[in-house]
1. Quick check on my filter: what residues within region 385-404 are surrounded by 24 or more Cβ atoms within 10 Å (Cβ to Cβ), over 13 Å from the mean Cα position of the chain (by Cα) and under 30 Å from residue 430 (Cβ atoms)?
2. Is at least one residue of region 457-476 in contact with a helix residue (DSSP H, G or I) (Cβ under 9 Å, 6 or more places away or on another chain) and loosely packed, with under 13 Cβ neighbours inside 10 Å?
3. Quick check: is even one residue across region 149-171 over 17 Å from residue 107 (Cβ atoms) and out of contact with any helix residue (DSSP H, G or I) (no Cβ under 7 Å at 6 or more places or on another chain)?
4. Taking residue 202 and the conditions (1) closer than 30 Å to residue 229 by Cβ; (2) modelled with pLDDT of 95 or more, which numbered condition does it fall short on, given that it satisfies the others?
5. Looking at 475, 513, can you tell me which residue is over 17 Å from the mean Cα position of the chain (by Cα) and more than 22 Å from residue 354 (Cβ to Cβ)?
6. Looking at (1) over 22 Å from residue 442 (Cβ atoms); (2) out of contact with any helix residue (DSSP H, G or I) (no Cβ under 6 Å at 6 or more places or on another chain); (3) surrounded by fewer than 22 Cβ atoms within 10 Å (Cβ to Cβ); (4) modelled with pLDDT under 95, can you tell me which one residue 269 breaks?
7. Restricting to region 479-505, count the residues that are touching a strand residue (DSSP E or B) at 6+ places or on another chain (Cβ under 9 Å) and either loosely packed, with under 13 Cβ neighbours inside 10 Å or in contact (Cβ under 8 Å) with a residue 24 or more places away in the chain (or both).
8. Can you pull out the residues in region 83-137 that are out of contact with any helix residue (DSSP H, G or I) (no Cβ under 7 Å at 6 or more places or on another chain), surrounded by fewer than 21 Cβ atoms within 10 Å (Cβ to Cβ) and under 28 Å from residue 485 (Cα atoms)?
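The values are calculated or read from the model by the stated rules, or taken from the named source; none is laboratory data. None of the values given here were measured: they were computed from a predicted structure. Ideal geometry is used to build each Cβ from the backbone, glycine not excepted, and the neighbour counts take in all protein chains shown.
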């Protein structure tokens, strides 16, 4: 059960709630470059509260990361409103500097950074806060500042490195990728030195969380991220750049992953058949309100739901927008049925990742989310953790957003080892994941290939807000997005929907490759898949440097190539 013990300041400082079924922005909020004054910190409790001012902006991104990082890939499409709104625009790889999610993520991350910078300055300047509390509060801020910069550098490339509380984002100079990662490592290392090793509340920054994020940061940095000039060279290309790695940074990723593993605080949760619940699906205690502080989660972003923190966790809501209304377009969902058909049916994650059938706990009716009517929902967005949660959760959105979990750490280490040429050492880590996925060791690998490792990462993290990041790290973004041409509903037979007769106009029946009449939903799927295929090029290895949230020019130059 959720305990309202976190962030007592939230009610006073959080931004107003968005509309109940909106996954969009709140346009009434102040621009991030308006710098509030540094306030006096009178005591230890106030210092710890000030450290938490970084969270409100982060809470507003729990859907936006999904719409940007998932939709700009091969695996996800968005029908969130008309085709000219942000979700569909990103889904079609047609975004620009003023596209809502591009704008929102950039600006909210800097808002969180700005709040953190002010908190650090206020806490360190206070003569009324104990040394131990100062260190703890500043360490908490630095962990979250590093997390914000880790997203910024991966999504936008060279970005302004703002550490001074009085520095305005407008007109700020872009720092090199090396400088940004160096600061990320410094912040996380500083945090790791002062934070407690573990906390049962997984939204509390800890030493283990810092080490897990260090492993993630070093793995991303080890892939030799493309510089501005390198992106410029491929901005119009439909060929991926060459893949290369930095072995020293891969070794650091292993080092920090080992610290988390050696802590003994985390484990992979088993997947169990829980047919006594209202749904007849296999599940594990990971996704859902009642499972939030479980043994696999290392760090999460706290949510109390609509009306308390802005939007709640719409990552969960948007994937199951209209609950049991099968014919209503969900805001975000799987790009095609082939994503499921390619899986081994014995893999228990398949039913968790993609909900093809759901039972309404109020009526007992079972609904089928399959062609020729619709596509499956992302199963991880459907909360099954408490009575009637399938009905209640989509309107409350109170489930916490998992930032990093133990499976991430195991697969970060496995990837880093494999890319160092140590496949034999990586193999047992991947097999831990597969043993959990199949319920036993019957499907464990006897040898590991790069393709098998990457497929395992793909299957473990469906709709976990990382697909685009993985493809960019592997330098396979273009090739992978082009592979949508192999999907069932890319076929030209789905290009136009059947139409009923209106007045004297005769009915038009269009039959798809599957032999069924094509409905409007699959005609839209067809258009989105073709747009992904037609639009993908090298410039999409980055998102554009955006405007401010009030459409003001931030004057951060140069713009990313191709925009």
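1. 399
2. No - not one qualifying residue is present in region 457-476.
3. Yes, region 149-171 contains at least one residue that is over 17 Å from residue 107 (Cβ atoms) and out of contact with any helix residue (DSSP H, G or I) (no Cβ under 7 Å at 6 or more places or on another chain).
4. Unmet for residue 202, out of (1) closer than 30 Å to residue 229 by Cβ; (2) modelled with pLDDT of 95 or more: (1).
5. 475
6. Answer for residue 269: the failing condition is (1).
7. 6
8. 83, 84, 85, 96, 97
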